[in-house]
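Just so you know, all these numbers are worked out from the coordinates, no wet-lab data involved. What you are looking at is a predicted structure, and each value in this text was computed from that prediction instead of being measured. In this analysis, Cβ positions are derived from the backbone assuming ideal geometry, glycine residues included, and neighbour counts consider all displayed protein chains.
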Amino acid sequence: MYKALVESHVGAWEVAFLLLIVSYILYRVGKERIAKILHMILRLMIVIIVVSGIWMLFAFRSGDVLYYIKGVLGLLTFGLMEMALGRARRNEASTGFFIGALVLLVVVILTGYRVIL
């Protein structure tokens with residue numbers, strides 16, 4: 001069971017990373033229809049990440065504070081993702097949110113693999 005949760009969690013993070021980049025680029029070049037579809041798929045990936053992350057946290061790692069920190073950083077990442085894509089959709093300045101989301105996404109992934117922290 002643990003292996004399946006980890007694989008779904010990691011796979012969803014990878015897909016979310018790609019969807020964020022592609023959606024952002026598509027919003028910026030004016031392809032709103034396909035960008036909106038990919039944005040909705042990104043939101044589905046976020047739900048999968050949150051559910052599998054909470055499940056793993058409370059079922060297997062409830063005593064490790066590092067995973068709670070990773071969870072909070074992950075939620076902040078999702079917020080920055082949504083802000084970057086929402087502002088890109090409205091053609092407002094969103095580069096700072098996009099770069100912040102990417103940096104925080106890399107920090108969360110490296111924290112999950114215990115490379116940092």
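Brief remarks on what is shown
- Note, ³J(HN,Hα) from phi for region 92-101, Karplus 6.51, -1.76, 1.60, rounded to Hz, x at Gly and Pro: 9, 5, 9, 4, x, 5, 5, 5, x, 5
- Cα pair distances of region 1-53 binned at 5 Å [whole percent]: 4, 24, 26, 18, 12, 8, 5, 2, 0
- Neighbour counts of C-beta atoms inside 10 Å place 78, 60 in the sequence 60, 78, starting with the fewest.
- Exposure proxy ranking for 62, 8, 94, based on other Cβ atoms within 10 angstrom of each Cβ and starting from the fewest, stands as 62, 8, 94.
- Cα centroid separation, region 65-101 to region 1-41: 13 Å.
- Here the extension length gained between residue 34 and residue 92 equals 19.0 nm, from 0.36 nm per residue of separation less the Cα-Cα distance.
- q = 0.13 Å⁻¹, the chain: log10 I(q)/I(0) [Debye, one scatterer per Cα]: -0.50
- Sorting 68, 113 by the number of Cβ atoms found within 10 Å of their own Cβ, with the fewest placed first, yields 113, 68.
- Counting only alpha carbon atoms, the long axis of helix 32-60 and the longest principal axis of the chain meet at about 10°.
- Maximal additional length on extending the residue 18-residue 59 stretch stands at 11.9 nm, based on 0.36 nm per residue less the C-alpha distance.
- Degrees separating the helix 2-29 axis from the principal Cα axis of the chain, which is the longest one: 10 degrees
- On Cα atoms only, tilt of 65-89 relative to the major axis of the chain in degrees: 10 degrees
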